[in-house]
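K.L.:
Please see the structure below; I have some questions.
The values are calculated or read from the model by the stated rules, or taken from the named source; none is laboratory data. Model, not experiment: these values are computed from the prediction. Cβ atoms come from the backbone with ideal geometry, glycine included; neighbour counts cover every protein chain shown.
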Amino acid sequence: MKLSKILGAVCFLFALSAWSATPPTVFIWVDATSAPRKIFHAKLRIPATAGDFTLYYPKWIPGEHAPDGPVIDLAGLKFTASGKTLKWRRDLLDGFTLHVDVPAGATEVEAELDFLSPATFEGGFSAGSSATDKMAVISWNQVLLYPKGWKSDDLTYIASLKLPAGWKYGTPLPIDSTGADNSEIKFKPASLSTLVDSPVITGEYLKVVKLADDPLTEMDIAADSAAALAPPQEVWDHYKNLVEQANKLFGAHHYRDYHFLLSLSDHVAHFGLEHHESDDSRIDERDLVDETGRKATASLLPHEYVHSWNGKYRRPADLATPDYQQPMQDDLLWVYEGLTNYLGTVLTARSGLHSPDQERDDLALTAAALDHTPGRAWRNLQDTADAASQLYFSPQAWHSWRRGTDFYDEDTLNWLWVDVIIRQQSKGAKSIDDFCHLFHGAPSTGPMVKPYTFDDVVSTLNQVVSYDWRGFWTERLTNHGPGAPLGGIEGSGWKLVYDETQSEMERGAEGSFHFVDGAFSIGLQLREDGTITDTIEGMPAALAGIGPGMKLIAVNGRHYSPEILREALKAGKGGSAPLELLVENTDYYKTYKLDYHGGERYPHLVRDDSKPDLLTEIYKAK
Ligand SMILES: [Zn+2]
């Protein structure tokens, strides 16, 4: 071997070891000044090595539990090194992987890209509609690439962001400096994990409401109008209570400060996405000022806030992946989402966002919906979690037979059951709050991830009270009913019943989400316009031959409206004449006769005086 070659090999090895010892720092400039046009421009400067240089577009987005990074909306890609345009090609086996041909001698690559935010209203997670004429939510994962070979915790990003003139903003991402009029915000260096975890909300109408001082906890609310930002004072009081009650529930926190990033718009999609130090939550424009919308969406912020502890700080080991490329495994979503959903309902009540009556009515709806999910007979709870990365994108049609991501609802009932067992076994001395203190609590820390397994959940429950928790959860995860798991409701001193009066919560949900719920009477769910979204196998509508996707045109010979359907159900109670539904199906019309005479049926919880009222105790502010 010639000396020069040996020297070359030594230098190469040295370069390799230096490379592995010092993770690169990436600069990113995002131009959001065209947000109302729904296009975002970004430039990145990425340290690179010569040859086949591999970059990733984020694929598995934390909190979305699926490989749904919006790569289809990545456009305008251009790579240069020292001013020269570079060739690139997408990986044939993975569309999120890009191979850039970097010339010898080049040490960095400049990348230009655009993110095309949906131009018309589209659902979906954070990649759904996110920008209007007056506001936008910027999710960093949508506007960046990252180099192969590093954990997202180890890569440093130095970001700057330009906003439309006059727009204000809120974000948990620490700020270094801002230009005049917030025209360019420069952020402090942050790991890629922190950057992706720290969206920016921005808008012409943006209100900041401080909820707590230490640590700073605030709402940063962007709306499509100034009027949407002026709800009654009690709204802010309830959210202040939420922060106080959550910190009492867990006994510690794991964020530097926390920002509720709330969008109020009829033109942005998705409901809520959790982050460690913030949440990206989106509701209709008037949902804070109108009481009905406020009640229908009240549990959203409690749910997303709980995730800072349950999901971000404590995270299933299978979801704690090193980057956004390695697949996540969703098998423990019954804790990640299920426990979060239960604690979210508890905090919604404890903060006053719902009265105890309203919270019970919501719980009755959850239980009744599961009681009318025949798909439980073939798909158990564990499989709804295992298949979550597909089920999140399943249509509403056949929901009750296919099942969806039911671990939210079914585990609200199951974790209530756990809370009730803890209270019973400890003779009232302990509760789920003790589990939360042990599992999620002290000491307070900044953002960090403490992974857990099924065994960790069981052993922490056993530290609270000794019980066959492994057997309990194994049964809960694998049983096939029949019916909803009602042990928690019944053990807490309440019974699920049906009567002819809709609760305020069910009426409000129908109004807010524009549907009509005939699930509990004739097994029919439809939109206000008559489009049938689901029929429940074994119930009168399905038995008569009606299926999802058809459209209800007339009821007993009269043009359909939600009121006409309700009146017909009411009038038919106890009679013998069939309920006649004229239905359109793929351009054909047919009248279906339903042998149903049970009237309207809506769920409620009523007190069982033979048992102590634990539910009211659970919902009481601490
Ligand atoms: Zn969640």
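K.L.:
How many residues are of a type outside the set (A, V, I, L, M, F, W, C), in contact with a strand residue (DSSP E or B) (Cβ under 8 Å, 6 or more places away or on another chain) and away from the ligand (no atom under 16 Å from the Cβ) when one looks only at the range 339-364?
P.N.:
The first filter runs over the range 339-364 and keeps only residues of a type outside the set (A, V, I, L, M, F, W, C), leaving 340-342, 344-345, 348, 350-352, 354-362.
Filter again for in contact with a strand residue (DSSP E or B) (Cβ under 8 Å, 6 or more places away or on another chain), leaving 340, 360-361.
Now restrict to residues that are away from the ligand (no atom under 16 Å from the Cβ): 360-361.
Within the range 339-364, residues that are of a type outside the set (A, V, I, L, M, F, W, C), in contact with a strand residue (DSSP E or B) (Cβ under 8 Å, 6 or more places away or on another chain) and away from the ligand (no atom under 16 Å from the Cβ) number 2.
K.L.:
Of the residues T591, T586, which single one is β-branched (V, I, T) and in contact with an Asp or Glu (Cβ under 6 Å, 6 or more places away or on another chain)? Talk me through it step by step, then tell me what you get.
P.N.:
On the way: T586 fails: in contact with an Asp or Glu (Cβ under 6 Å, 6 or more places away or on another chain).
Criteria check complete, one pass: T591.
K.L.:
Right, something else. Name the pairs whose Cβ atoms lie under 9 Å apart, with the first residue in the range 341-356 and assigned to a helix (DSSP H, G or I), the second small (G, A, S) and surrounded by fewer than 24 Cβ atoms within 10 Å (Cβ to Cβ), and 6 or more positions between them or separate chains?
P.N.:
Within 9 Å, the pairs are N341/S299; G344/S299; T345/S299; L347/S299; T348/S299; A349/S355; A349/A621; R350/A621.
K.L.:
Same structure again: Whether any residue in the range 291-305 is closer than 18 Å to A388 by Cα and among the polar types (S, T, N, Q) is what I want to check.
P.N.:
Checked the range 291-305: no residue is closer than 18 Å to A388 by Cα and among the polar types (S, T, N, Q).
For (1) touching a helix residue (DSSP H, G or I) at 6+ places or on another chain (Cβ under 8 Å); (2) in contact (Cβ under 8 Å) with a residue 24 or more places away in the chain, each residue gets a yes or a no:
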| residue | (1), (2) |
| --- | --- |
| G575 | no, no |
| V583 | no, yes |
| D587 | no, no |
| L594 | yes, yes |
| L605 | yes, yes |
| L615 | yes, yes |
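K.L.:
Restricting to strands (runs of 3 or more DSSP E) lying wholly in the range 220-338: which have 1 or more residues that are within 14 Å of the ligand (Cβ to nearest atom) and either at pLDDT 95 or above or under 21 Å from the mean Cα position of the chain (by Cα) (or both)? Before the answer, list the steps.
P.N.:
Details: elements: 258-264, 272-274, 278-283, 314-316.
So the answer is 272-274, 278-283, 314-316.
K.L.:
Anything in the range 346-358 that is within 15 Å of L615 (Cα to Cα), in contact with a Leu (Cβ under 9 Å, 6 or more places away or on another chain) and buried (at least 24 other Cβ atoms within 10 Å of the Cβ)? List them, or say none.
P.N.:
V346, L347, T348, R350
K.L.:
Would you mind stating whether R470 is in contact with a strand residue (DSSP E or B) (Cβ under 7 Å, 6 or more places away or on another chain) and either at pLDDT below 95 or more than 18 Å from R403 (Cβ to Cβ) (or both)?
P.N.:
Numbers: in contact with a strand residue (DSSP E or B) (Cβ under 7 Å, 6 or more places away or on another chain): no; either at pLDDT below 95 or more than 18 Å from R403 (Cβ to Cβ) (or both): yes.
The answer is no for R470.
K.L.:
Since P482 meets every condition but one in (1) under 29 Å from the mean Cα position of the chain (by Cα); (2) farther than 30 Å from F454 by Cβ; (3) of a type outside the set (A, V, I, L, M), which condition does it not meet?
P.N.:
Among (1) under 29 Å from the mean Cα position of the chain (by Cα); (2) farther than 30 Å from F454 by Cβ; (3) of a type outside the set (A, V, I, L, M), P482 violates only (2).
K.L.:
Another one. Across the range 557-610, what is the number of residues that are among the charged types (D, E, K, R) and outside any strand (DSSP E or B)?
P.N.:
Taking the range 557-610 and keeping what is among the charged types (D, E, K, R), we get 558, 563, 566-567, 570, 573, 580, 584, 587, 590, 593, 595, 600-601, 607-609.
Right, trim to outside any strand (DSSP E or B) and you get 563, 566-567, 570, 573, 587, 595, 600-601, 608-609.
Summing the residues that are among the charged types (D, E, K, R) and outside any strand (DSSP E or B) in the range 557-610 gives 11.
K.L.:
Among the numbered conditions (1) outside any helix (DSSP H, G or I); (2) at pLDDT below 95, tell me where G508 comes up short.
P.N.:
Of the numbered conditions (1) outside any helix (DSSP H, G or I); (2) at pLDDT below 95, the odd one out for G508 is (1).
K.L.:
Quick one: is I46 of a type in the set (V, I, T), at pLDDT 95 or above, within 21 Å of Q325 (Cβ to Cβ) and out of contact with any Lys or Arg (no Cβ under 7 Å at 6 or more places or on another chain)?
P.N.:
On the way: of a type in the set (V, I, T): yes; at pLDDT 95 or above: yes; within 21 Å of Q325 (Cβ to Cβ): yes; out of contact with any Lys or Arg (no Cβ under 7 Å at 6 or more places or on another chain): yes.
So I46 passes the test.
K.L.:
Further question on the same structure: Answer yes or no: is there a residue in the range 428-435 that is closer than 18 Å to L347 by Cα, touching a helix residue (DSSP H, G or I) at 6+ places or on another chain (Cβ under 9 Å), in a loop (DSSP other than H, G, I, E, B) and not polar (S, T, N, Q). Step through it out loud before you land on a result.
P.N.:
Taking the range 428-435 and keeping what is closer than 18 Å to L347 by Cα, we get 430-435.
Now narrow it down to the ones that are touching a helix residue (DSSP H, G or I) at 6+ places or on another chain (Cβ under 9 Å): 430-435.
Of the ones still in play, those that are also in a loop (DSSP other than H, G, I, E, B) are 430-431.
Of the ones still in play, those that are also not polar (S, T, N, Q) are 430.
Yes, the conditions are met somewhere in the range 428-435.
K.L.:
Considering each residue of the range 449-467, count those that are more than 22 Å from D330 (Cβ to Cβ), of a type outside the set (G, A, S) and in contact (Cβ under 8 Å) with a residue 24 or more places away in the chain, and give that number.
P.N.:
Number of matching residues: 4.
K.L.:
What residue, among those in the range 391-419 that are without any contact (Cβ under 8 Å) to a residue 60 or more places away in the chain and more than 16 Å from the ligand (Cβ to nearest atom), is surrounded by the fewest Cβ atoms within 10 Å (Cβ to Cβ)? Show your work before the answer.
P.N.:
If we filter the range 391-419 for residues that are without any contact (Cβ under 8 Å) to a residue 60 or more places away in the chain, which is where we start, we get 391, 394-395, 402-404, 406.
So of that shortlist, the ones also more than 16 Å from the ligand (Cβ to nearest atom) come out as 394-395, 402-403.
Working: S394: 14, P395: 12, R402: 18, R403: 25.
The qualifying residue surrounded by the fewest Cβ atoms within 10 Å (Cβ to Cβ) is P395.
K.L.:
To continue, here is another question. Is at least one residue of the range 510-524 crowded, with 17+ Cβ neighbours inside 10 Å, closer than 30 Å to K620 by Cα and small (G, A, S)?
P.N.:
Yes - at least one qualifying residue is present in the range 510-524.
K.L.:
Next up: Identify, from the list L543, L615, L552, the residue that is part of a strand (DSSP E or B), at pLDDT 95 or above and in contact with a Leu (Cβ under 9 Å, 6 or more places away or on another chain).
P.N.:
Values: L543 fails: part of a strand (DSSP E or B); L615 fails: part of a strand (DSSP E or B).
Selected residue: L552, the only one of L543, L615, L552 that is part of a strand (DSSP E or B), at pLDDT 95 or above and in contact with a Leu (Cβ under 9 Å, 6 or more places away or on another chain).
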